[in-house]
């Protein structure tokens, strides 16, 4: 599964921080975050995949990302969650008003894949 997410689609809940967050993610040079979910496999009752995430020209590789299988409204979903630290990509979260308003350095990422 090959996914391109527009950087401008991400928000921090504050217009000024949203603009600065887009600058932090260098949206002019890197308008998309590239997510490649590959090599799905099952071990006993658990599901796993490797994942490549490319952000600001740098790639993060996760070899064994765990997924859980759930059913919602009659649809089976594979769900995974992980935390991404901006420092891995040499990025510093934006701040406003002498640091009183700031974006956390950790981003929580959730993937939901429907099975049909």
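Derivation of every value follows stated rules applied to the coordinates shown; laboratory data play no part. Here the structure is a predicted model, which means the values were calculated and not measured.
For this structure, a couple of remarks:
- For the pair residue 26 and residue 8, the difference between a 0.36 nm per residue extended length and the Cα-Cα distance amounts to 5.5 nm.
- Once C-alpha pairs closer than 8 Å and six or more residues apart are averaged by separation and normalised to the residue number of the chain, the relative contact order reads 21 percent.
- Shape analysis of the range 2-115 yields a ratio of the Cα radius of gyration to the Kirkwood radius, Rg/Rh, of 1.03.
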